[in-house]
Amino acid sequence: MPLEYRYVEDGGVIVRGTGEVKGEELFRTNARIYELPATLETLAYQLWDLTDAESVALNREFAEALAAQDREAARRFPHMVIAIAVKTDVGFGFSRLWEANVGDEGIETHVFRTVEEARAWLEQTVPHRRGEGDPE
């Protein structure tokens, strides 16, 4: 399966994509993430690592549907942040379209070309969103 995800102890979820990643898979995986185990009370962040994906086959319809899922989830997880790392130009472009559709709904988002940049941004942003530190 080109998309795998795992919850991590610090309240996040990491999604990894390989091969050809399709909009339908992104949508289903996003829905599963929000079906959190009862023991997890909050979702601090999501890191979507699509840097090993050969292609990301997303279109406007799926970008808007994913954004709608995330806007709804923002009500449940008001401090959540989402970082996407994607190398392909098409995937980057559609990720930016998703980001524009999420809008200012309480979720802080950013799209990167490398997973290292995404991780660095999360390390800075997550504590601030939780009220644990000052923004730089």
I need the GluC sites (Glu not before Pro) found in the range 35-134, filtered to DSSP loop residues with at most 14 other beta carbons within 10 Å of theirs.
GLU35, GLU41, GLU132
Just the number, please: carbon plus sulfur as a percent of the accessible area of the chain, 1.4 Å probe, no ligands or DNA/RNA counted.
47
Tell me, what is the 1.4 Å probe accessible area of ARG113, in Å² to the nearest 10?
90
Prolate/oblate/rounded label for the range 86-125 (Cα gyration tensor, a/c 1.5)
oblate
Mean accessible area per residue over the range 50-107 (1.4 angstrom probe, all protein chains present, square angstrom) is 48
Report for the chain the percent antiparallel among DSSP-assigned beta bridges with both residues inside it, nearest 5.
20
Calculating Kirkwood radius over Cα pairs in Å from this structure picks out, from (i) 15.8; (ii) 14.8; (iii) 19.8, entry (ii)
Tell me, Kirkwood radius of the range 10-90 from alpha-carbon pair distances, in Å?
13.2
Report, for the range 5-81, the % of DSSP beta bridges that are antiparallel, rounded to 5.
20
So for each of 75-88, 18-31 I average, over its residues, the number of other beta carbons within 10 Å; can you give me the resulting order with the highest mean first?
75-88, 18-31
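The values are calculated or read from the model by the stated rules, or taken from the named source; none is laboratory data. Keep in mind that this is a model prediction, so the values were computed, not measured. Cβ coordinates were reconstructed from backbone atoms using ideal geometry, including for glycine residues, and neighbour counts include every protein chain displayed. Accessible surface areas use protein heavy atoms only, side chains included; no ligands, DNA or RNA. Shrake-Rupley method; radii C 1.70, N 1.55, O 1.52, S 1.80 Å.
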